[in-house]
Amino acid sequence: MAPKILFLAHVSEDGSTLPKAAFEVLGTALDLTKQLNAALAIGIVGSSVAAAAESIAAAGAERILTVSGPEFGQPRYATDAAAVEALCRASAAELIVAPATSRFMRVLPGVAQRLGGCADSHITALEVVDGETRATRWFYRQRIEGVIRRDKRPWILLLDSGCHAAWTGTPGTAKVEEISVPLPPAATRTTVTGIRAPKSDAQTIRPDADLLLVAGAGWTKKQADGKPHISEAEELILGFLHASGASLGGSKSLVDQSGENQAVLQFMTHLNQVGQTGSTPRHPKGLSTCCHGEEPHVVGWRFINERRAVNLDPNCGWARGKADVLYVADAFEVLRKLNSLLAERSPIHAEAALQGV
């Protein structure tokens, strides 16, 4: 009997579409289905799932299972866990793949416990070797790549975004099987009363941006005139982010300064940290400024396709084969020039402006 695979997704906050990460994981699920010669089912959770189901109807799944209703529109552990458990039992799948969104990361490990299975998160790749499914993920601050195999089923796998090409297809007519999930009154006690988020022009973390700008501690140090220029540094960096749409990262040495009573960039937090104990971003291009290119920082860049750096020291870590392009220059002057170019050519991609420096 062919093994069964379930692809899980939830509707986005807009109430109708699927998140981008879901299409990436769907592409992974289809590859795995082909390698295992398996039967694929799709499970969708949300307040209204019709549009989401139609958007992936052409993927070729044998079944499209849904759990819908106003009570499943909000991300809530009790209702999400009940919905996902019902979908998993209805599909009888041995392998369950899902995007590692905050909503699913919070719920799926608990669902695995209910099903008597197991769950693994932050998976970056799936492959079949000698008929056996193996999952890949990184350990120890992204320095060690591990390959996982498990005999226990069902096996729930949460895949990180940016690791697989997104599935693309023409929307079609979806034949769905609605799964009824009765909920006790206690399951809906928790409600989302509102969302507090910074304005879009104040948001500095943009996972889908084409370019990542990383600021190092050099921005807060004394400059050529013997004085620090924090206000100018903030103005230049924020001006570049606003004009280019880039995402902002920070070196560990820079974000740690806030706890050392040193002058800091007001908009920089530990959430921006890249490298050593920080995040591992996946942007097409990266520009490091005032960073030394030390190993922990470079490790955080392992999934950046093209790495450029700006540093006054020609012997810094970036110069030793860790950057595709190194600008031996003052980062203040470089960003000042970039902002000028971006202001002259609107709209323009930061990459094009960078080429003109």
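Every number here is computed from the coordinates shown, using simple stated rules; none is lab data. The shown structure was predicted, so the numbers you read here are calculated from the model rather than taken from an experiment. Every residue, glycine among them, receives a Cβ derived from its backbone with ideal geometry; neighbour counts consider all protein chains shown.
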I want the local charge near A323. Using Cβ-Cβ distances under 10 Å, sum +1 for each Lys or Arg and -1 for each Asp or Glu among the other residues. +2
Extended-chain gain in nm, criterion 0.36 nm per residue less alpha-carbon gap, I144 and A92: 15.4 nm
Using only Cα atoms and rounding to the nearest 10 degrees, what angle (0 to 90) does helix 230-244 make with the longest principal axis of the chain? 50
By average Cβ neighbour count within 10 Å, what is the ranking of 285-294, 30-39, 185-194, 153-162 from highest down? 285-294, 153-162, 30-39, 185-194
Helix 20-36 axis, angle to the chain major axis (alpha carbon atoms, nearest 10°): 60
Calculate, in nm to one decimal, what K227 and V328 gain on full extension: separation in residues at 0.36 nm each, minus their alpha carbon distance. 34.3 nm
Simple Cβ-charge dipole of the chain, Lys/Arg +1 and Asp/Glu -1, about Cα centre, in debye nearest 20: 560
Taking amide H positions as placed in the peptide plane 1.01 Å from N, state which residues far from L6 in sequence (5 or more) or on other chains have amide H under 5 Å from it. A41, L95, I96, V97
Tell me, what ³J(HN,Hα) does each residue in the stretch 49-66 have, in order and in whole Hz, if you take phi through Karplus 6.51 cos²θ - 1.76 cosθ + 1.60 with θ = phi - 60° and put x for Gly and Pro? 10, 4, 5, 5, 5, 5, 5, 10, 5, 7, 5, x, 5, 6, 9, 10, 9, 9
Using helices alone, I'd like the mean residue ellipticity at 222 nm for the chain: each DSSP H run of four-plus residues gives -39500 (n - 2.57), total over residue count, nearest 500. -8000 deg cm²/dmol
Take the cross-link list K227/K322; K227/K252; K20/K221; K222/K285; K20/K252 and give me the ones stretching past 32 Å between alpha-carbons. K20/K221
